[in-house]
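First comes the structure, then the notes that go with it.
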Amino acid sequence: MKKIAVMTSGGDAPGMNAAIRAVVRYAVRNDIEVVGIQRGYAGLLDEDFIKMNFASVGGIMEKGGTILRSSRCPEFVRKETRKEAAAILSKHGIEGLVVIGGEGSLHGAMFLEEEQKVPVVGIPGTIDNDIAMTDMSIGVDTCLNTVVDAIQKLKDTASSHERAFIVEVMGRSSGYIATVAGLVTGAEAIVIPEIPVNYEALGNKILKERERGKINCIVVVAEGAASAYTVARHLEHRIGYETRITILGHIQRGGSPTAFDRLLASRMGVAAVEYLKRGQSFVMTALQGGKIVPVRFDEVLKQKKSLNMELVELTALLS
């Protein structure tokens, strides 16, 4: 293989730049030309390509976001569009593709190879940690550190004013961020999509803590379970605290990636090129038991990653 392309697609995640850097540098060291596709699948259809080399990825590992930028491309769900994309790659002499992104992006990658026979390797990059068959995805660790830092700061003011803070974090279909952040910050409760919320039981629990002398309260809410405003409305007049709402929003996606995310992204980027180099595609790089291994797209995407309920139980036990 003499020429490959790399793209980032869907929502950005801290560490994507480290993955791009690893793909480019390892490929160049193996005499493989690298093309960067800007703006994901939309950029592929627009032929928004740039040649990449050592210099073009210098100093990017510590930066959040993605230098290749990203976008949504709803039209890529159509087979005709994917056929057009394959023809464009062929026209530019691109023999393999590395796609860095979440579930939707990996679905696009799978169909591109399955239907159009374009060799593709995926790298999981999403802060939700909702991709099956990998222990972690790029961006999760950085996101968690951002959320934990914010909650710790909120706890300071919550204690000073004897208030309850309802903190809404990302997680449309997964409560991973809310669960782990709630656990490690000592939150009183979490509200997650995996478990229907019982507002009466939640209110009683917080009120009991208040009666025992607790002077603050933190409830972490995953956006896919309920809005912070809904939770606050149910609790405000029952728990004995003034209630405040904080929605962390897109700050969770930004910031310099942690050492863990930089290392994970670097390992996965090298592995992706190595797989293509040895003729192995239709796979995603995955972290399993500390090792980077290839897992088939169809195996990954046919299942939903389950939240470890032991973490949920631990959060309840220690709150």
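The values are calculated or read from the model by the stated rules, or taken from the named source; none is laboratory data. Since this is a predicted model, take the numbers as computed values, not measurements. Heads up, the Cβs are rebuilt from the backbone with ideal geometry, glycines too, and the neighbour counts pull from every protein chain shown. When the accessible area is computed, the model is the full protein with side chains, heavy atoms only, and any ligands, DNA or RNA have been set aside. Shrake-Rupley method; radii C 1.70, N 1.55, O 1.52, S 1.80 Å.
In table form, for the structure just shown:
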| item | result |
| --- | --- |
| Within straight-line cross-link reach of residue 208, lysines at Cα separation under 28 Å, skipping those fewer than 8 residues along the same chain | 153, 155 |
| Exceeding the 22 Å Cα-Cα cut-off - candidates 3/277; 117/277; 277/305; 2/51 | 277/305 |
| With 10 Å bins from 0: P(r) over segment 141-253, alpha-carbon pairs, percent | 16, 52, 29, 3 |
| Calculated P(r) of the chain - Cα pairs past 30 Å, % | 38 percent |
| Cα-based helix-to-principal-axis angle, 259-277 vs the chain, degrees rounded to 10 | 30 degrees |
| 5 angstrom amide H check on residue 33, placed H, neighbours 5+ away | 3, 4 |
| Percent accessible area from carbon and sulfur atoms, the chain, protein chains only, probe 1.4 Å | 50 percent |
| Paramagnetic label zone (point 7 Å from Cα along Cα-to-C-beta, residue 256; backbone N under 17 Å) in segment 132-150 | 139, 141-147, 149 |
| Residue 243 long-range amide H proximity, modeled H, under 5 Å | 164 |
| Angle in degrees between helix 103-116 and the longest Cα principal axis of the chain, rounded to the nearest 10 | 20 degrees |
| GluC sites (Glu not before Pro) within segment 24-98, DSSP loop, no more than 14 other Cβ atoms inside 10 Å | 47, 62 |
| Extension gain from residue 238 to residue 306, taking 0.36 nm per residue of separation minus the Cα-Cα distance | 21.2 nm |
| Trypsin sites (Lys or Arg not before Pro) lying in DSSP loop within segment 242-308, provided at most 16 other Cβ fall within 10 Å | 278, 302, 304 |
| Accessible surface, the chain, averaged per residue in Å² (probe 1.4 Å) | 43 Å² |
| Angle between the chain longest axis and helix 79-91 axis [Cα atoms, degrees, rounded to 10] | 50 degrees |
| Bridge type composition, segment 141-253 - antiparallel percent by DSSP, nearest 5 | 0 percent |
